[in-house]
2 protein chains.
Amino acid sequence: MARGSTRPTSRDVAQAAGVSQAAVSLVLGDKWRGRVSETTAERVRQAARELDYRPNLAARNLRLGHTRTVLLVVPALTTEFFGGVYTGAARVAAQHGFGVVLYPSPAGIGPARDPFASAQAALDGVIASSMAADALTDIRGDQLPLVMLDSNPEGSLGAATVNLDIADGVRQVTDHLLSLGHRHILHLAADIASWTFEVRARELATRLSALPGTLLRTAHTPISIEDAVTAAETALSAPGPRPTALVCDDDKLAAGAYKAARRLGLRIPEDLSVTGLDDLALAQALDPELTTVRLDAELFGERGMHALLAVLEGRTPEGGDIPVELVVRGSTAPPGG
Amino acid sequence: MARGSTRPTSRDVAQAAGVSQAAVSLVLGDKWRGRVSETTAERVRQAARELDYRPNLAARNLRLGHTRTVLLVVPALTTEFFGGVYTGAARVAAQHGFGVVLYPSPAGIGPARDPFASAQAALDGVIASSMAADALTDIRGDQLPLVMLDSNPEGSLGAATVNLDIADGVRQVTDHLLSLGHRHILHLAADIASWTFEVRARELATRLSALPGTLLRTAHTPISIEDAVTAAETALSAPGPRPTALVCDDDKLAAGAYKAARRLGLRIPEDLSVTGLDDLALAQALDPELTTVRLDAELFGERGMHALLAVLEGRTPEGGDIPVELVVRGSTAPPGG
DNA sequence: CGAGCGACGTTATACGTAACACGTCATTGA
DNA sequence: TCAATGACGTGTTACGTATAACGTCGCTCG
């Protein structure tokens with residue numbers, strides 16, 4: 001609230017224009033056809049302009065009982081991925097007269113705070129990434145229409161889910177590596193308890209166990225380049241035969257793997273093939289450029305918003321996972337170069 | 001608004017607890033010491049819990065006349081930098097009972113929309129990056145307390161400003177390169193009309209023009225790795241003597257420069273030294289790791305929030321730019337290796 | 001000629017909350 | 001004994017908006 005003089009209200013505008021507050025509301029709300037004369041309407045608009053009137057949103061929201069605003073809950077913004085998700089969601093929202101408030105689950109702000117108290121915005125619905133689910137302790141049951149992103153369709157409390165087809169992405173990666181001749185694969189896995197990461201591990205394991213003569217090991221690490229370096233370095237220098245391919249849960253881990261390979265004197269892709277997942281800008285900055293799975297972040301956001309709109313209108317959101325695409329670049333080659 | 005049964009109000013809680021609505025407000029607002037008995041208070045809390053009551057924020061905001069919510073306007077989230085700014089701002093805000101709503105200036109959502117209409121949140125103040133200033137066409141004058149980030153202290157309409165000491169960062173980069181013996185420098189500049197980029201160009205120019213025998217050229221490019229590649233490739237293969245050092249406006253441009261150097265067969269740092277600015281995760285993923293200027297994004301956000309809190313309380317925000325730090329890594333060396 | 005209607009507004013109300021200004025009863029102090 | 005005090009609440013109001021319900025006036029039509 002601005003200090004000093006208080007903000008003008010619709011009543012001030014009414015007084016300035018010599019009409020009632022109701023008339024102001026009608027004119028500015030564009031509902032005056034056949035109720036107010038054109039000249040009066042113009043007089044109201046003029047007064048509003050001169051006073052620089054802005055409707056009080058708190059009052060409007062209270063009166064209307066809705067806000068046409070949804071909350072997008074995401075993990076801490078350490079990559080551009082969820083920026084893309086926001087862009088997609090906001091675009092669709094704008095087309096339907098909605099606004100999107102972005103709530104990055106705040107790392108290190110102490111105990112997970114209630115995003116609803118924190119955002120202080122009155123909301124019509126929520127889209128939440130399962131990776132930020134710990135921030136959602138306060139969503140209980142059916143308080144608010146909810147769409148989950150990348151969440152287990154079962155066990156999501158009946159909330160609608162929109163998922164990337166990560167399983168298919170892992171399938172494509174695995175097939176690509178197998179067709180190159182790799183048989184011994186190391187999985188550099190994120191140590192986050194989230195469905196989307198469980199899918200990677202499960203799909204990789206089932207795919208490889210179906211093919212005799214293959215070997216799969218796993219190394220866990222927090223999602224940061226530095227942590228990934230040490231995890232990859234340790235795993236790659238473990239006794240026994242060295243893996244010829246490294247499947248990383250995301251591109252940042254792959255970047256860490258590159259550094260680990262350099263330290264160990266391993267050439268990519270001659271000595272070690274590496275794959276990522278996300279297709280961040282980072283992937284093309286690496287040398288050699290990273291073979292990875294492209295996720296369409298904006299489409300993800302669009303689909304999430306469409307699903308939420310469907311829920312809000314009482315429709316059933318359309319199902320179907322979002323397809324992903326393997327992008328083969330220079331980091332993968334047959335074992336031994 | 002949830003469909004079907006409507007949400008419980010404080011009056012519902014009052015009825016369930018057998019007290020008046022006022023008592024509910026007192027108890028839940030923690031203002032009941034000496035006004036309501038402990039047993040009654042507990043009865044109210046119990047009823048609220050059973051009904052899963054949540055106060056209507058629109059109503060509260062209307063009544064209170066403020067929201068304890070501020071808006072953080074930033075450019076599209078294409079790097080993790082503004083994620084860090086948000087984290088810092090949200091941390092300080094939380095300590096003072098405020099919430100932060102993040103508004104990334106939506107690239108490609110059509111005409112620049114009014115963030116205030118879009119966010120639909122009633123706000124107490126705004127922190128805005130000058131890089132997203134085009135989204136702010138609707139901030140006119142003193143409507144809302146405003147703090148600008150990385151904006152020209154003059155010409156900011158009297159708004160408080162919080163700046164990183166970019167000029168000093170450029171100074172450190174320049175001194176570093178000069179002391180290594182570089183005399184011919186190419187500036188890979190972002191083609192964004194924003195004060196923070198003007199500072200880079202100006203400081204570099206004045207620094208070099210003060211030293212005879214130096215040569216400075218400039219190539220402009222949009223901030224994306226792909227665009228930077230072509231811009232750098234063109235500039236580096238231009239006729240005449242080749243620059244020995246490349247100063248990039250940010251780390252993403254530097255990543256593009258790396259690719260351009262590879263295409264041209266130039267080794268970094270032997271044939272070409274490269275510097276960036278930001279110290280994104282990307283900087284350490286490059287090979288060789290990038291010499292760059294570290295910006296403390298979280299501190300930036302903290303200082304921005306502190307400044308806004310000062311404005312809100314009628315105090316004068318403390319001045320002083322935020323120090324930055326040159327991080328020397330493997331991408332810079334004396335010319336010729 | 002009077003009922004009906006369209007054009008042009010106004011009056012009144014409710015949304016849910018916070019808090020001011022009172023009440024009521026029992027206990028206390030002089 | 002009687003006013004004063006404290007403990008424990010309640011009645012009422014206002015925040016600024018959107019809209020349902022209600023006038024009023026002049027004209028038309030049967």
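The values are calculated or read from the model by the stated rules, or taken from the named source; none is laboratory data. Not measured: the values here are computed from a predicted model. Here the Cβ positions follow ideal geometry from the backbone for every residue, glycine too, while neighbour counts run over all protein chains shown. Only protein heavy atoms, including side chains, enter the accessible area calculation; ligands, DNA and RNA are left aside. Shrake-Rupley method; radii C 1.70, N 1.55, O 1.52, S 1.80 Å.
Tabulated values for the structure
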{"item": "For chain B, built as a Gaussian network whose Cα springs stay under 10 Å, the top-fluctuating residue of B:Pro222, B:Pro269, B:Pro55", "result": "B:Pro55"}
{"item": "Principal-axis tilt of helix A:81-95 within chain A, Cα atoms, nearest 10 degrees", "result": "30"}
{"item": "Calculated label separations, B:Gly97, copies of the chain, 7 Å along the beta-carbon direction, nm", "result": "3.6"}
{"item": "Proximal lysines to B:Lys259, defined as alpha-carbon separation beneath 25 angstrom and excluding residues fewer than eight positions away on the same chain", "result": "A:Lys252, A:Lys259"}
{"item": "The range A:235-270 and the range B:266-337: distance between their alpha carbon centers, rounded to Å", "result": "29"}
{"item": "With DNA, RNA and ligands ignored, accessible area of A:Ile223 (1.4 Å probe; Å², nearest 10)", "result": "50"}
{"item": "Within 10 Å of each Cβ in A:274-286, the average number of Cβ atoms from other chains", "result": "4"}
{"item": "Tensor-based shape of the range B:248-337 (alpha-carbon gyration tensor, a/c under 1.5 rounded, otherwise prolate or oblate)", "result": "prolate"}
{"item": "Chain A: relative contact order in percent, alpha carbon pairs under 8 Å with at least 6 residues between", "result": "17"}
{"item": "GNM flexibility winner over chain A from A:Ala283, A:Ala310, A:Ala167 (Cα, springs under 10 Å)", "result": "A:Ala310"}
{"item": "Spatially proximal aspartates and glutamates relative to B:Lys31 (Cα-Cα < 16 Å; intrachain offsets below 8 disregarded)", "result": "B:Glu42"}
{"item": "Gaussian network model of chain A, Cα within-10 Å springs - most flexible of A:Arg315, A:Arg207, A:Arg43", "result": "A:Arg43"}
{"item": "For B:Asp287, label point 7 Å along C-beta direction: distances to other copies, nm", "result": "0.9"}
{"item": "Three-way shape label, the range B:10-55, alpha-carbon gyration tensor, a/c 1.5", "result": "prolate"}
{"item": "Kirkwood Rh in Å, taken over the range A:203-309 so that all alpha-carbon pairs contribute", "result": "15.0"}
{"item": "Zone of A:Arg242's modelled label, taken as backbone nitrogen in the range A:269-299 under 11 Å from a point 7 Å along Cα→Cβ", "result": "A:270-273"}
{"item": "Global geometry of the protein assembly as shown, whether rounded, prolate or oblate, following the gyration tensor of its Cα atoms and the 1.5 cut on a/c", "result": "oblate"}
{"item": "Ranked order, A:Leu51, A:Leu164 - accessible area, probe 1.4 Å, largest first", "result": "A:Leu51, A:Leu164"}
{"item": "Contour excess over end-to-end distance, with Cα ends at B:Ala310 and B:Asp287 and 0.36 nm allotted per residue", "result": "3.9 nm"}
{"item": "Residue-averaged [θ]222 nm for chain B, counting only DSSP H segments that reach four residues, each worth -39500 (n - 2.57)", "result": "-12000 deg cm²/dmol"}
{"item": "Fraction of beta bridges assigned by DSSP in the protein assembly as shown that are antiparallel (%, nearest 5)", "result": "10"}
{"item": "Heavy atoms of B:Phe300: accessible area, 1.4 Å probe, square angstrom to 10", "result": "0"}
